[in-house]
1. Counting only residues that are over 11 Å from residue 174 (Cβ atoms) and open to solvent by less than 30 Å² (accessible area, probe 1.4 Å), which one in segment 314-324 is modelled with the highest pLDDT?
2. Just give me the residues in segment 93-122 being within 13 Å of residue 214 (Cα to Cα) and within 15 Å of the chain's Cα centre (by Cα), in sequence order.
3. Can you tell me how many residues in segment 38-95 are more than 20 Å from residue 423 (Cα to Cα) and either among the small types (Gly, Ala, Ser) or assigned to a helix (DSSP H, G or I) (or both)?
4. Here's a check for you: in segment 26-71, which residue that is of a type in the set (Gly, Ala, Ser) and surrounded by fewer than 23 Cβ atoms within 10 Å (Cβ to Cβ) is farthest from residue 326 (Cα to Cα)?
5. Search segment 114-127 for residues that are free of Cβ contacts under 8 Å to residues at least 24 places away in the same chain and pair each with any residue that is assigned to a helix (DSSP H, G or I) and open to solvent by 50 Å² or more (accessible area, probe 1.4 Å) when their beta-carbon atoms are under 8 Å apart and the residues are at least 6 apart or on different chains.
6. Condition test on residue 108, is it over 30 Å from residue 304 (Cβ atoms), in contact with an Asp or Glu (Cβ under 6 Å, 6 or more places away or on another chain) and of a type in the set (Lys, Arg)?
7. Restricting to segment 433-444, count the residues that are surrounded by fewer than 22 Cβ atoms within 10 Å (Cβ to Cβ) and modelled with pLDDT of 90 or more.
8. Which of the numbered conditions does residue 64 fail, given that it passes all the others? Conditions: (1) of a type outside the set (Val, Ile, Thr); (2) under 16 Å from residue 137 (Cβ atoms); (3) touching a residue at least 24 places away in the same chain (Cβ under 8 Å).
Amino acid sequence: MTTEQTISNGVSDGSAVAGHAEPALVNELGERRIVGKLGWFGPLNLCAMLFPTIATSAASALSGFTFTAVLPEARANSAIGLQSMFGALSGAIFAVLIGHLSDKTRSRMGRRNPWILGGSIACMVGLLGLAFADYRMIWPAVVSLCIFQAGLNTYYSAYNALLPDRVDSSLLGRASAYSGFGSLAGSAIGTILNQVLIAIFGTGHITRGFLTLPWAMLIVAVVVVLALPGADLRKMKDSQKKTGEDSQNVPSPKTAKFRLPADRDFWLAYVGRFFIVLAIMLVMQTGTQIQRYYFGLDIKSAAAVGSISGLIMAVVGAFSSIIGGVASDKIGKRKPLLAVSAALVIIGLVILASRKALALFYVYTALAALAYGIFQAVDQALMVQVLPDKENAAQDMGILGTTNTLTGVIAGAVGAALIAGIGYRLMFLLAALFALVGILAFIPIKRVR
C-alpha cells in the first residue's frame, strides 16, 4: 500500500510521512513500532494466538464429549448447541465492548495491556468453572463457557489492535501469517491434547482436563504485556494538550462515544468475512456430533479422528499460511487469495457431502486447512486495511471480530437444528453456499485489492 493510499484510507499507521520514505519507529503515542522486519514479534505473535487457540479447541471438544458421555443423544445435541450459542454470543458482546473501551483506556499499562491481561484471567476462571461444572444440569457448563468466551474476546479485541498500533503496513501480511499459523497449530494441538487428556483421565473424568488448560495462555499474556509496554496516557494528557494537533491522537474518555462505522468497505468486509467463517464454523462447531453420530464413533475413536485431523490441519495449514502471507505482501493484493480460500472450502464441503466415508472427511480437512491457512494469512492485514479511522481501531477490529463469535452463535445453534431438520449432507452443501456468498461480498471493496 502506498503512502497516498494509506492516508486516503483514513488509517495512517505511521509507516510513511509525506516527503519521507522511512517508516516511523514509534507511533503517535511514543510506543515502539515494528518496522523493516518482524524479528522477535513474529514468534511472539504466533504464541499470542497459539495458546488461546489450544485452550479454545480443547475446551470446546472436552465439553462436547462430556455432554455426549452423560446425556442421551438428543439432549447432548441440544446442550452442545446451547453452549455454543450462548458462549459465542457473550464473546461477540465483549469483542465490541472491550474494543470500544480499549481505544479510550488511560492506564499506567497503556490502552491494550490491561485488557490483554484481564482477558486471560477471565479465561482461567471460565476454564476452572468447566472443570467443576455438573454437565447433567447443562447450565453450569454453559455459564462457565460464557465466562471463558468473554475473557477470550476481551484478550483478542485488545491484542488484535496491536497490529495497527505497532506493525508497519508493509509487514501486515507476514504478521498475519504468523498469527494464522498460531491459530491453526493451536487447533491441531488442541485436538491432539483432547486425546491425551481423555487417555489420562478416562471418559468418566474428562472434565479434569480443563485444569491443565489456562496456564500457558496466562503466561503468554504476561509476556506480551512485558514485551510491548504501552504508553501511560495519564502522564501524556497535559503534554499533549500543549502540542495542538497531536492532542487529537490521544483518545479522550470524556468524549468517548460508541458508534458504528458508516463505511461501505468496512461493512462489505464484515459480510464477506462473516459468511466465509460461517461456512467453516458450521462443520467445526458440529464436529463432535459429526464424529459421534454421523460416523458412529465412540468417544476414544472420535478423539483419535480429531487428533489425525488436527495433524492434517497443522501441516497443511502451516504451509498455506506461510506461502499466503509472503505472497500477499509481495503482490500487495488480498482478494485473489481470499477467492482461492473460499473456492477450496466449497470444493471440500461438496466432497464431504458426496458420500459418508471417513476418508473423505480427511480430504475435506486437508482442503479446509489449505483454505483456512490462506484466509488467516491475509485476514488480519485485510481487517487493518478496511478500518475507517485509527482512533477507534480496537473498537472497529472488535466489531469485525464478531464475525468469529457471531458465526459461533449461528453455527452452534443453527448447526444443531440443521442436523435435526435436514441432516448432515444438506448442512455441508448449505455451508458451501455461504462460502460463495462471502467471496462475492469481498469483490466490490475498493480499499483492498
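1. 320
2. 119, 120
3. Residues meeting the conditions: 40.
4. 69
5. Note: no pairs meet the criteria.
6. In short, yes.
7. Summing the residues that are surrounded by fewer than 22 Cβ atoms within 10 Å (Cβ to Cβ) and modelled with pLDDT of 90 or more in segment 433-444 gives 3.
8. With (1) of a type outside the set (Val, Ile, Thr); (2) under 16 Å from residue 137 (Cβ atoms); (3) touching a residue at least 24 places away in the same chain (Cβ under 8 Å) applied to residue 64, the lone miss is (2).
The values are calculated or read from the model by the stated rules, or taken from the named source; none is laboratory data. Values in this document were obtained by computation on a predicted structure and should not be read as measured data. All Cβ positions, even for glycine, are placed from backbone atoms using ideal geometry, and neighbour counts span all protein chains on display. The protein model used for the area step is the full one, side chains on, heavy atoms only, and it has no ligands, DNA or RNA in it. Shrake-Rupley method; radii C 1.70, N 1.55, O 1.52, S 1.80 Å.
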